[in-house]
Amino acid sequence: MDRNELAGYLDRLLDCGRFRDYCPNGLQVEGRAGIRRIVCGVSASLTLLQAALAADADAVLVHHGWFWRGEDGRVTGIRRARLKALLENDLSLFAYHLPLDAHPEFGNNAQLARRLGWAVEGRFGEQDVGFLGRAEGSAQEIADRLALELGRLPLLVGDAGRRVERIAWCSGGAQGYFEQAIAAGADLYVSGEISEQTTHLAQESGVPFIAAGHHATERYGVQALGAHLAERFGIECRYVELDNPA
């Protein structure tokens, strides 16, 4: 498939133009024109790039790309090594951040809901990235199901015994949406990361909070998107899991 045709398709599919993001979405580094094999992963680390090269891939598709707002823009050290791996091997990098969190089918939050059996009923938060829906059980029971699905022990703070009907969730580092989730009527909020103040808010509001892991909650969007590309265009898409405790 032509690289630019793929970029255009993904930009339209994920509605990239509507998002105000912290990084550029889409084709971040231009490689060879033809794409027949893609390696997918959560973050564009050097280890992932090396896995893509070992797989003889033409492109890398990730959730966390490069060129974040406010970061040092000098191409030295780690940044030089990463760019060198792409440019010397004519490998393209596609990255979709908020668009891949928010997409109603292939997004991280939609895929998390599908795996956990949560019924999606609405949105909340900045640019409607957060999801609202229905779940059954106590906060502890939901934490236990997350542990089984994600393969890691989540951190639950607040009232573990609270019964949950209305649940709010947003993958990754979205603990800052906790107050908005409470205002939206959630009985429980699930995200990837936790901050010091999150514990106090959970205790004082009576709404428990689960930190299930930034990486762990954001594995499934890029996998679903890769599977879609493979089915639609016949491109070989291979997901590479790189363990990350964060």
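None of the figures in this text is laboratory data; all of them are computed from the coordinates on show. Quantities reported herein were computed from a predicted structural model and do not represent experimental measurements. Glycine also receives a Cβ, built like all others from the backbone with ideal geometry; neighbour counts cover every protein chain displayed.
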Computed E for residue 53/residue 4 - FRET, C-beta separation, R0 35 angstrom, nearest 0.05: 0.95
How would the stretch 108-217 be classified by its alpha-carbon gyration tensor: rounded, prolate or oblate, with rounded meaning a/c under 1.5 and the a/b versus b/c comparison settling the rest? rounded
Between helix 77-87 and the chain, what is the angle of the helix's C-alpha long axis to the longest principal axis, kept within 0 to 90° and rounded to the nearest 10? 60 degrees
First select every other residue whose beta carbon is under 15 angstrom from the beta carbon of residue 13; then total the charges, Lys and Arg +1, Asp and Glu -1. -3
Computed [θ] at 222 nm, helices only, for the chain once each DSSP H run of length n ≥ 4 contributes -39500 (n - 2.57): -10500 deg cm²/dmol
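So which trypsin sites (Lys or Arg not before Pro) in the stretch 16-123 are both in a DSSP loop and have at most 14 other Cβ atoms within 10 Å of their Cβ? Display every interim value, and only then the final one.
Details: sites: 18, 20, 32, 36, 37, 69, 74, 79, 80, 82, 84, 114, 115, 123; in loops: 20, 32, 36, 69, 74.
Passing sites in the stretch 16-123 are 20, 32, 36, 69, 74.
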If I take every Cα pair under 8 Å that is 6 or more residues apart in the stretch 44-145, average their sequence separation and divide by the length, what percent do I get for the relative contact order? 20 percent
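What ranking of 75, 190, 129, 39 emerges when the number of other C-beta atoms within 10 Å of each C-beta is taken as an exposure proxy, fewest first?
Values: 75 12, 190 31, 129 22, 39 25.
Result, fewest neighbours first: 75, 129, 39, 190.
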Distance between the C-alpha centers of the stretch 73-87 and the stretch 121-189? Whole Å please. 37 Å
If you fit an axis through the alpha-carbon atoms of helix 3-13 and take the longest principal axis of the Cα set of the chain, what angle between them do you get, 0 to 90°, nearest 10? 20 degrees
For the pair residue 232/residue 32, report the inter-label distance in nm, with labels modelled 7 Å from Cα in the Cβ direction. 2.3 nm
Go through 75, 54, 39 and say which Cα lies farthest out towards the positive end of the charge dipole of the stretch 1-91; charges sit on Cβ, +1 for Lys and Arg, -1 for Asp and Glu. 75
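Which value, in debye to the nearest 20, describes the size of the charge dipole of the chain about its Cα centre when Lys and Arg Cβ atoms bear +1, Asp and Glu Cβ atoms bear -1, and nothing else is charged? Mind showing how you got there, number by number?
Working: 25 positive and 33 negative charges, 93 e Å.
Dipole size: approximately 440 debye.
Quick check on the exposure proxy: order 171, 45 from fewest to most C-beta atoms within 10 angstrom.
Numbers: 171 31, 45 16.
Going from sparsest to densest Cβ surroundings: 45, 171.
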So, for the Cα atoms of the stretch 3-100, Rg and Dmax in Å stand at 12.8, 35
Can you sort 101, 243, 58, 144 from fewest to most other Cβ atoms within 10 Å of each residue's own Cβ? 243, 144, 58, 101
Which whole-number percent is the relative contact order of the chain (Cα, under 8 Å, 6+ apart)? 20 percent
Taking every other residue with Cβ under 14 Å from the Cβ of residue 24 and scoring Lys and Arg +1, Asp and Glu -1, one gets -2
Simple label model, 7 Å out from Cα along Cβ direction - residue 140 to residue 121, nm: 2.5 nm
Please list the non-local residues whose amide H lies under 5 Å from the amide H of residue 137, H modeled 1.01 Å from N, same-chain partners needing a gap of 5 or more. 164
In a shell of Cβ-Cβ distance under 10 Å around residue 205, excluding residue 205 itself, what net charge do Lys and Arg (+1) and Asp and Glu (-1) give? -3
If one compares the long axis through the Cα atoms of helix 220-233 with the longest principal axis of the Cα atoms of the chain, the angle in degrees, nearest 10, works out at 40 degrees
Give the separation of the Cα centroids, the stretch 223-244 to the stretch 5-71, in Å. 12 Å
